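These notes are about the structure you will find just below.
Computed from the coordinates by the stated procedures, all read-outs in this text should not be read as laboratory data. If you're wondering where the values come from, they're calculated on a predicted model, not measured in any experiment. Backbone-built Cβ (ideal geometry, glycine too); neighbour counts: all protein chains shown.
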Amino acid sequence: MSWFWGAILFWLAAWALNLRLAARAGGRGAARLAVPALFGITLLVLWEGTVRGFAVPGVILPAPSAIWGTLTGSLPILWGDFVQTILKGALSGYVIGCAAAVLTAVAIDRSAFLQRGLLPVGNFVAALPVVGIAPILVMWFGFDWQSKAAVVVVMVFFPVLVNTVAGLAATDRLSRDQMATWGASYGQALFKLRLPAAMPFIFNGLKIATTLALIGAIVAEFFGSPTRGMGFRISTAVGQLALDLVWAEIAVAALAGSAFYGLVAAVERAVTFWHPSQRGR
Amino acid sequence: MRALVPVLTVVAAIVALWYGGSVWLNSQWTHDQAARVGVEVSLTGVVADTMMQERPVLPAPHQVAKGLWDGVMGQRITSKRSLVWHGWITLSATMLGFAIGTAAGIALAVGIVHSRAMDLSVMPWAIASQTVPILAIAPMVIVVLGGPPMNLPPLIAKAVIAAYLTFFPVVVGMVKGLRSPDAMQLDLLRTYNASALDTLIKLRLPAAMPYLFASLKVAVAASVVGTIVAELPSGAVAGLGARLLQGSYYGQTVQIWAALFMAATLAAGLVAIIALVERLALARMGMGR
């Protein structure tokens, strides 16, 4: 029990420190990093303390230290799964799906009729449990990563399409008239004015799509996969009650998801440096 | 209503493409069958056959419609082959989780708005958690909570996942909403000597309603997906997710598509209900559009 009470004490101490930090710094500079970091560490300590203090069996909840041990001990397996699921399945599907969506949006840009028709349908589909299409696509494209990429393509297509169409409509009348007075062709206006102006919207869609891509690739593996991949490992390790391996996979998925999102956000910052939401940082 | 004709055109085009796709994808099997018995099939024969195979690669729309009709109307509601029964299993878990997640999310958002330390420590994690593929945990949660020694009923285990997926959109949206009153409105309440509780109930919560409903629409769609994925692990026999998995094991493509459309109807219906409540509530509060 001493483990548990120690963790509670640590929690109280960290909370007091956080209160002081937040009150003093008011959320500027180092406090902005230190406070959430301390909170995260507190959660881990509470977790570890609870598991050890109450001797929770590892088949219900492994301690963070045990998960870390598995993580460092089975790096080759985790790396193989990462390559299979994230690099082959999710990433290729993400690139194909997002490119197809942006190209479709540009293609239907000239037809107000198609836009009025496709936008409600796209919004509708974006709210559906699209991931349910996974068993069908696994049946069509086989068990390997191609079927996972296909699921990801379907999942990311509509959010990106809807956002891109909204973005292409985001320029104001004044700027478009300006283009017209310069005698700009449709293509010039598109590339010099409307596509750059659509970038914040497109990146919004791309950021939503990063999480969807990982979910699609992992969940599709529940319906059949070769003997590697994160979804395969999670479902088989759960069956063997090897929960430390499952948590290690989840940690990898969380890291990969955050890194993927961070990467897209970094590209966004570079591309849309002029937008108000990016200025003054 | 201006959008009705274009939307119908697009839907008609999708259905036409679908018919074309099912002819194209199913014709292989027809040709194989014909070659096996050594007969030539005409083009019309191929097309006719692709429309009514037992286990087509891509069922034609009318086959899916028939599967859906049989599943919904053709069975007693209590039958295990009834889509209404499976849909109800999924819906009940979704709703339970959605209610828990919404309540917890609003409570945490209120805490975050009133405590600077909580804001600084919890908010970054709440936002970061959105980038994590949470659904991957679903099978583990089901096995751990549903198996010994906890032995929770599947309804609760599934609701936990739905609640988790509901929680974060609600937190993020409500924090934004509770902060939406501007300084002038807050100053006015201060001149009235209003307490923090009064400010919360009379200004912040009403102001947060549009944000809350926007988050709820995202959250309910996510929690339907969460419940369905939670029903995938082997052993689950009830619910639309289990129906999908069984269909994929036995190659029953019509069953998969029917379950998929049932799930889509369920999600779309829930979003539509929230949109309706939103319209009524906001109109009643004088914020209607």
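For residue B:66, a cut-off of 22 angstrom between C-alpha atoms picks up these lysines, skipping any fewer than 8 places away in its own chain: B:80. Assuming a ≥ b ≥ c are the square roots of the Cα gyration tensor eigenvalues, decide whether the range A:2-56 counts as rounded (a/c under 1.5), prolate (otherwise, with a/b larger than b/c) or oblate. Prolate, since a/c reaches 1.5 and a/b exceeds b/c. Charged neighbours of residue A:230, selected by a Cβ distance under 10 Å, balance to -1 (K, R count +1; D, E count -1).
From helices alone, chain B scores -25500 deg cm²/dmol at 222 nm; the rule is -39500 (n - 2.57) for each run of n ≥ 4 DSSP H residues, then divide by the residue total.
Order B:8-14, B:58-64, B:182-188, B:254-260 from most to least packed using the mean count of other Cβ atoms within 10 Å.
Values: B:8-14: 14.3, B:58-64: 20.1, B:182-188: 10.3, B:254-260: 25.3.
In decreasing order of mean packing, B:8-14, B:58-64, B:182-188, B:254-260 become B:254-260, B:58-64, B:8-14, B:182-188.
Straight-line reach from residue B:158: taking Cα to Cα under 15 Å and skipping same-chain neighbours fewer than 8 places apart, the aspartates and glutamates in range are B:231.
Among the trypsin sites (Lys or Arg not before Pro) within the range B:66-163, which fall in a DSSP loop and have no more than 11 other Cβ atoms within 10 Å of their own Cβ?
B:76, B:80
Here the spin labels are modelled as points 7 Å beyond Cα on the Cα-Cβ line, and at residue A:255 and residue A:20 they lie 3.3 nm apart. Put a plus charge on the Cβ of each Lys and Arg, a minus charge on the Cβ of each Asp and Glu, and nothing anywhere else: the dipole of the range A:71-271 about its Cα centre is then about 520 debye.
Considering only chymotrypsin sites (Phe, Trp or Tyr not before Pro) in DSSP loops that have at most 15 other Cβ atoms within 10 Å, the longest stretch of chain A without any of them is A:55-181.
So, counting K/R as plus one and D/E as minus one, what does the shell of residues with Cβ under 13 Å around residue A:146 add up to? Local net charge: 0. When the alpha carbon gyration tensor of chain A is reduced to an equivalent ellipsoid, the three semi-axes, largest first, read 42, 29, 13 Å.
The aspartates and glutamates within cross-link reach of residue A:148, meaning a Cα-to-Cα straight distance under 18 Å and a gap of 8 or more places when in the same chain, are A:81, A:221, A:249.
Partner shielding of B:3-10 amounts to 6, given as the average count of beta-carbon atoms from other chains within 10 Å of each residue beta-carbon. Couplings for the range A:125-141, taken from phi via the Karplus curve 6.51 cos²θ - 1.76 cosθ + 1.60 with θ = phi - 60°, read 5, 5, 8, 8, x, 4, 4, x, 6, 4, x, 5, 5, 5, 5, 7, 9 Hz in order; Gly and Pro are left as x.
Rounded to whole Å, give me the distance from the Cα center of the range A:170-238 to that of the range B:19-33. If you average the Cα positions of each part, the centres end up 33 Å apart. Listing B:262, B:287, B:209 from fewest to most neighbouring C-beta atoms within 10 Å gives B:287, B:209, B:262. For peptide A:233-243, the mean count of partner chain Cβ atoms within 10 Å of a residue's Cβ comes to 3. Among A:250, B:156, a tally of other beta-carbon atoms within 10 Å of each Cβ gives an order, fewest to most, of B:156, A:250. Rounded to the nearest 10 degrees, the inclination of helix B:83-114 to the longest alpha-carbon principal axis of chain B is 20 degrees. Across peptide A:216-227, the average count of Cβ atoms from other chains found within 10 Å of a residue's Cβ is 3.
Between the helical axis of B:253-284 and the longest alpha-carbon principal axis of chain B there is an angle of about 30 degrees. Here chain B was treated as a single set of alpha-carbon atoms; its pair distances binned every 10 Å from 0 give 6, 21, 24, 22, 15, 8, 3, 1, 0, 0 percent.
The Cα center of the range B:158-199 and the Cα center of the range A:60-113 differ in position by 33 Å.
Each other residue within a Cβ distance under 14 Å of residue B:79 adds +1 if Lys or Arg and -1 if Asp or Glu, for a net charge of +3. Seen against the Cα atoms of chain A and their longest principal axis, helix A:2-25 is set at about 40 degrees. Shape class for the range B:155-287: prolate, because the ratio a/c of the largest to smallest gyration tensor axis (alpha-carbon atoms, square roots of eigenvalues) is 1.5 or more and a/b beats b/c.
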